[in-house]
1. Specify the residue that is nearest to the chain's Cα centre (by Cα); the eligible residues are those in region 105-132 that are among the polar types (S, T, N, Q) and closer than 19 Å to ILE50 by Cβ.
2. Which one of these is of a type in the set (Asp, Glu) and open to solvent by less than 20 Å² (accessible area, probe 1.4 Å): ASP67, ASP89, ASP46, ASP63?
3. For region 70-84, which residues satisfy the criterion of being under 11 Å from ILE99 (Cα atoms) and open to solvent by 30 Å² or more (accessible area, probe 1.4 Å)?
4. Residue pairs, Cβ under 8 Å, 6 or more apart or interchain, first in region 104-120 and under 17 Å from LEU169 (Cβ atoms), second open to solvent by 40 Å² or more (accessible area, probe 1.4 Å) and among the small types (Gly, Ala, Ser). List them.
5. If you go through region 13-21 one residue at a time, do you hit one that is open to solvent by less than 20 Å² (accessible area, probe 1.4 Å), part of a helix (DSSP H, G or I), modelled with pLDDT under 95 and in contact with a Cys (Cβ under 8 Å, 6 or more places away or on another chain)?
6. Mind listing whichever residues of region 43-71 are more than 19 Å from ALA22 (Cβ to Cβ), part of a loop (DSSP other than H, G, I, E, B) and among the hydrophobic types (A, V, I, L, M, F, W, C)?
7. Take region 196-229 and flag every residue that is part of a helix (DSSP H, G or I), without any contact (Cβ under 8 Å) to a residue 12 or more places away in the chain and either in contact with a Cys (Cβ under 8 Å, 6 or more places away or on another chain) or open to solvent by 90 Å² or more (accessible area, probe 1.4 Å) (or both).
8. Could you check TYR98 against (1) out of contact with any strand residue (DSSP E or B) (no Cβ under 8 Å at 6 or more places or on another chain); (2) within 24 Å of CYS190 (Cβ to Cβ); (3) of a type in the set (Phe, Trp, Tyr) and say which number it fails?
Amino acid sequence: RLTGLRSALRGRRSAMEWSPHARFVELVLNGEHKGLYTLVEQVKIDKNRIPIKEKGAFLLSYDTTMDETYRFRSTGYNMPVMVKFPDDDEMDDTQFAYIKDYINGMEASLKSDSKFKQRDYRNWLDTDSFIAAWMTKELAGRKSNGTGTTTDFVTPRSVYYYKAEGGLLKAGPCWDFDVHFLLHQPQMFCMKCQYYGRLFEDSEFKKRTVEMWPQFKENLLGNSRFTNIVEYVDSLY
């Protein structure tokens, strides 16, 4: 699917630990050409994908479809949280209670003025991964309609987070972008999505974003590792 390719184009140029790889394929079924597709890696915890150990790990998707068995609405920000890993047959009530309490605890830390002033949220979430995800989503563009603004990030749909055993919550990897992609809007729109309205109130979070931007920009414009992203897209065409 083209949406998976979009995530790969941007995600691998950000500071994320991993983003799905994609390849164009010509699909021929029973001798009949069915068209051009993209073959995309599935998002999963694996040594060659999300590089954390499965034991004690969680993969979450913030998604309004809420179609997983283990799901909940967070108490602080009313986020639609679904557990993608562990699988249903490997989950138990204790694990579910743990990740639910963790997300609610993180949100409570953001909501509390006293805790936020002390930057207690850094004990819950990985700052750099959240910044990398924000820059990727922000540069993807947005779509406006008659009822307001809707994007995969705002709604949210297929917005992934993961956590290793004993580790902080990390943002990513990117996926889908089937609601919006490179639709021009001059102003920033993700600065108030999910937790970012609160995070950008912290001067240190903003400072770190500024520090990370030059490398992110260089990866877009081209360096020893990447070609210019426009030239790359043209080569795919």
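The values are calculated or read from the model by the stated rules, or taken from the named source; none is laboratory data. This structure is a prediction, so every number in the text was calculated from the model and none was measured. Don't worry about glycine lacking a Cβ; one is built from the backbone with ideal geometry, like all the others, and counts go over all protein chains shown. Areas reflect the complete protein model, heavy atoms only, side chains present, ligands, DNA and RNA absent. Shrake-Rupley method; radii C 1.70, N 1.55, O 1.52, S 1.80 Å.
1. Out of the qualifying residues, it is SER129.
2. ASP63
3. Result: TYR70, ARG71.
4. Final answer for the pair search is LYS115/ALA108.
5. no
6. Across region 43-71, the qualifying residues are ILE52, ALA57, MET66.
7. LYS206, LYS207, VAL210, GLU211, LYS217, LEU221, listed by residue number.
8. That leaves (2) as the condition not met.
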